[in-house]
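Student: Provided herewith is a single structure, encoded as C-alpha cells, for subsequent inquiry.
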Amino acid sequence: MKPLIASEIGAARGKDHHDSAITPANYTLELIGEDKVRTHPCYVLRASPKRADKYLFEGKIWIDKHDFAVARIEGHPAANLSFWIKRADFVRDYEKVAGFWLPLKDETVVQVRMYGKKILTIEHGDYAVRAKPLEAESGR
C-alpha cells in the first residue's frame with residue numbers, strides 16, 4: 001500500500017513530469033485522412049506515443065490545412081494516471097482568435113473507481129488579444 005500512496009503523492013506534486021511536447025522525440029505521427037473542425041479544413045494524424053508515460057497521449061490530432069496549427073486533439077493518456085482512474089478520454093478544441101490559435105474547449109470523461117463516470121468541461125472564451133503599437137515596440 002505504501003508504494004501506491006507514494007505514487008499518488010508524486011503525481012499530485014508533479015514530480016514525475018516529463019517532456020510532453022508533440023514532437024518526433026515523443027510521438028510517431030501518421031497521416032490518416034482529412035476532416036473539418038467547425039469551419040476549418042484539417043489533416044488528421046494518428047499520434048502514437050513512443051513510451052508509456054501518463055503525460056503523453058494516444059489518439060488523433062487535427063491540423064489546420066492553412067495555418068498548420070493544431071485545431072483539435074482527442075485521445076487518452078498513454079499510461080495509467082493513478083490507481084483511482086480506470087480510464088480518461090479527452091477532447092481539446094482550439095479556435096483561431098485574432099490570428100492566434102487558442103484553447104476553445106476541453107472535455108474529459110473519466111472512469112473513477114467506486115465513483116463511476118465523471119465529466120469535466122472547460123469552455124475558454126472572452127479572449128482579448130491586444131497588440132502593442134509599432135512605435136512602442138521600436139522605441140519611438
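The values are calculated or read from the model by the stated rules, or taken from the named source; none is laboratory data. Since this is a predicted model, take the numbers as computed values, not measurements. In this analysis, Cβ positions are derived from the backbone assuming ideal geometry, glycine residues included, and neighbour counts consider all displayed protein chains. Heavy atoms of the whole protein, side chains included, go into the accessibility calculation; ligands, DNA and RNA do not. Shrake-Rupley method; radii C 1.70, N 1.55, O 1.52, S 1.80 Å.
Student: Hey, what D do you get for the stretch 24-68 in µm²/s if you plug the Kirkwood alpha-carbon radius into Stokes-Einstein at 25 °C and 0.890 mPa s? Could the numbers behind the result be given before it?
Tutor: Values: Rh = 11.2 Å.
This corresponds to a translational diffusion coefficient of 219 µm²/s.
Student: Using the structure shown, list the pairs from K96/K118; K86/K117; K60/K105; K36/K96 with a Cα-Cα distance above 20 Å, or answer none. Before the final figure, lay out each step's value.
Tutor: Working: K96/K118 29 Å; K86/K117 10 Å; K60/K105 16 Å; K36/K96 14 Å.
Too far apart for the 20 Å limit: K96/K118.
Student: Leaving out ligands and nucleic acids, and using a 1.4 Å probe, what accessible area per residue does the stretch 20-140 come to in Å²?
Tutor: On the way: 8050 Å² over 121 residues.
Heavy-atom accessible area per residue stands at 67 Å².
Student: Turning to a different aspect of this structure: Within the accessible area of the stretch 12-92, what % is carbon and sulfur when the probe is 1.4 Å and the other protein chains stay in place?
Tutor: C and S fraction of accessible area: 53 percent.
Student: Sticking with this structure for a sec: Taking the mean number of other Cβ atoms within 10 Å as a proxy for protection, how do you rank 112-120, 39-47 from highest to lowest?
Tutor: Packing order, densest peptide first, comes out as 39-47, 112-120.
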